[in-house]
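The values are calculated or read from the model by the stated rules, or taken from the named source; none is laboratory data. Computed from a predicted model, the values in this text were never measured in an experiment. Because the Cβ atoms are built from the backbone with ideal geometry, glycine has one as well, and the counts that use them run over all protein chains shown.
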Amino acid sequence: MPEIEFRNVGYAVGGRQILCDISFSVEAGETLVLLGRSGSGKTTALRLINAMLLPASGELRVAGRPTTAHDRVALRRSIGYVIQDAGLFPHFTVARNVGLVPSLENWPREKVNARVAELLDRVGLPSQEFANRKPRELSGGQRQRVGVARALAADPRILLFDEPFGALDPVTRLDLQNEFLRLRDELRKTSVFVTHDVREAMRLATRIALLDQGRLAFLGTPAEFRRSDNPEAARFLEVLRPDGAAC
Amino acid sequence: MLSDVLQDLLEEGGELLVQHLVLVFVSMAIACAIGIPLGIAAAASPRTRRFALAFAGIGQTIPSLALFGFLIPIPFIGGIGEHTAILALVVYALLPVLRNTVTGILGVDAGVRDSAIAMGMTPRQVLRMVELPLAAPTILAGIRIATVTTIGTATIAAAIGAGGLGVFIFRGIASIDKLQILAGAIPAALLALIADAGLGALEKRWSVR
Ligand SMILES: Nc1ncnc2c1ncn2[C@@H]1O[C@H](COP(=O)(O)OP(=O)(O)OP(=O)(O)O)[C@@H](O)[C@H]1O
Ligand SMILES: [Mg+2]
């Protein structure tokens, strides 16, 4: 059974069709990258998965059940979510940010603390040094690491990423992408990763889903993507060519 | 002879000061008890927001002496005395508290609110753990503005027999006695300054958190 399944999903706001007849599934343990230009509907598709939005037509299944049939709060607590600039709570310490979902789930305090320390170490932020800082006392890259730790805290089956590394410099971005690959191999979570950066997509994806104006234009592995003759895929591939980088 | 006058002022002044403080405190407590929950509801719904802000705004535009005057002939809620004064003061204090509560909550970063919801907080938890703490300095700023204004406006309460430092001021005006006017005005001004500084310090402490 696929972990996430889009079945002819459509989404509209105010009569405007934003997603149209999207069908694909995400298998357990894979990293599906949602690639597309700005406004193509990537964030909308991602937010349908954790029931921040509900489909206008079709059905979206998580763990075999439509999102409309899940208890939304429980569903969201079982799905990690990382966004650009991390969306950390500025009035919480790093430790409290990371331990949030376990606390909401009423884990005993010692267990939360142990989990927070373990996760901070895991994402390369020694808890001794970072646990008691506020988010504004961190660099952008460090904040993003905290965001990842927070998403992992309650050991969710699924992780959603919305351009998490979008605001970082290229070198830090590369570091965090490598970190992502390492964590993925260690933890084997099902991930959906939104980006408009084709290089990032090629590096991280087990499969790429290309969105073009709310429609699924391509679905396949990075190697298949490279050979695709889809026109929108071709535009993205242009970026990868050495002369394409110049403009 | 001057010292006799001062002696009298001091004795009566203590009592009037306490009356004044009670007027301000009770009015502010009521304004907060209405304004903050109403502001929370208004932040959540554009329709409630339009109505609430419009009504509170209208209250604000009525000249204060006129409002006290209007309330006197109204049965039950009006009449001579403290409760009428408090009602009028609440009408004035409501808008800053309400408006700042709305502004503070709506001002919470969309990404922060979004991740709160995405992490599986219930609406109540989002409000209690994220929106209210982040809006607190703004709400407190509204309370501060309202308190300072109320301390001043409460002097007019004396006109409808509610007592307070305004008693000195009205008596001074009636008898063309500058000393009496100052005996009411100076403590009221000092009170406003102290409230402003105290609440300002609290506001600052909350915003650095
Ligand atoms: N609440 C909304 N009301 C109206 N239009 C919306 C709403 N949310 C999204 N849209 C529109 O839907 C389209 C897709 O938006 P979405 O945020 O999913 O794009 P995206 O692919 O994530 O873009 P980006 O890369 O810029 O983040 C856009 O044209 C956007 O203007
Ligand atoms: Mg987006």
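Summed over the range B:132-155, residues that are within 13 Å of residue B:65 (Cα to Cα) and crowded, with 21+ Cβ neighbours inside 10 Å total 3. Looking only at residues in the range B:104-116 that are among the small types (Gly, Ala, Ser) and part of a helix (DSSP H, G or I), which one is surrounded by the fewest Cβ atoms within 10 Å (Cβ to Cβ)? The residue in question is B:110. Of all the listed residues (B:93, B:110), the sole one being small (Gly, Ala, Ser) and more than 14 Å from chain A (Cβ to nearest Cβ) is B:93. Candidates are the residues of the range A:94-107 that are surrounded by fewer than 18 Cβ atoms within 10 Å (Cβ to Cβ) and of a type in the set (S, T, N, Q); the one that is nearest to the other protein chains (Cβ to nearest Cβ) is A:103.
Can you tell me which residues in the range A:1-24 are part of a strand (DSSP E or B), of a type in the set (Asp, Glu) and closer than 16 Å to residue A:68 by Cα? Working first, answer last.
First pass over the range A:1-24, keeping only residues part of a strand (DSSP E or B): A:4-13, A:16-24.
Add one more test, that the residue is of a type in the set (Asp, Glu), and what stays is A:5, A:21.
Of everything in the range A:1-24, just one residue is part of a strand (DSSP E or B), of a type in the set (Asp, Glu) and closer than 16 Å to residue A:68 by Cα, namely A:5.
Within the range A:48-66, the set of residues being more than 16 Å from ligand 2 (Cβ to nearest atom), buried (at least 18 other Cβ atoms within 10 Å of the Cβ) and outside any loop (DSSP other than H, G, I, E, B) comprises A:58, A:60, A:61, A:62. Where residues in the range A:184-223 are within 15 Å of ligand 2 (Cβ to nearest atom) and of a type in the set (Gly, Ala, Ser), which of them is farthest from the chain's Cα centre (by Cα)? It comes out as A:214. Looking across A:86, A:12, A:45, A:69, one residue alone is touching a residue at least 24 places away in the same chain (Cβ under 8 Å), away from chain B (no Cβ under 12 Å) and more than 14 Å from ligand 2 (Cβ to nearest atom). It is A:12.
Small (Gly, Ala, Ser), at pLDDT 85 or above and within 20 Å of residue B:151 (Cβ to Cβ): which single residue out of B:33, B:44 fits that description?
B:33
Among the conditions (1) part of a helix (DSSP H, G or I); (2) under 18 Å from residue B:112 (Cα atoms); (3) within 18 Å of the chain's Cα centre (by Cα); (4) facing another protein chain (nearest Cβ under 10 Å), the only one that residue A:75 does not satisfy is (2). All conditions in (1) in contact (Cβ under 8 Å) with a residue 40 or more places away in the chain; (2) within 14 Å of ligand 1 (Cβ to nearest atom); (3) within 14 Å of chain B (Cβ to nearest Cβ) hold for residue A:17, with the sole exception of (3). Criterion applied to A:170, A:156, A:164 was being surrounded by 19 or more Cβ atoms within 10 Å (Cβ to Cβ), away from ligand 1 (no atom under 16 Å from the Cβ) and either at pLDDT below 95 or under 13 Å from the mean Cα position of the chain (by Cα) (or both), and the one residue passing it is A:156. The set of residues in the range B:59-103 being over 16 Å from the mean Cα position of the chain (by Cα), over 19 Å from residue B:163 (Cα atoms) and in a helix (DSSP H, G or I) consists of B:102, B:103.
Considering the range A:116-153, and only residues there that are within 14 Å of another protein chain (Cβ to nearest Cβ) and surrounded by fewer than 20 Cβ atoms within 10 Å (Cβ to Cβ), the residue that is farthest from ligand 2 (Cβ to nearest atom) turns out to be A:132.
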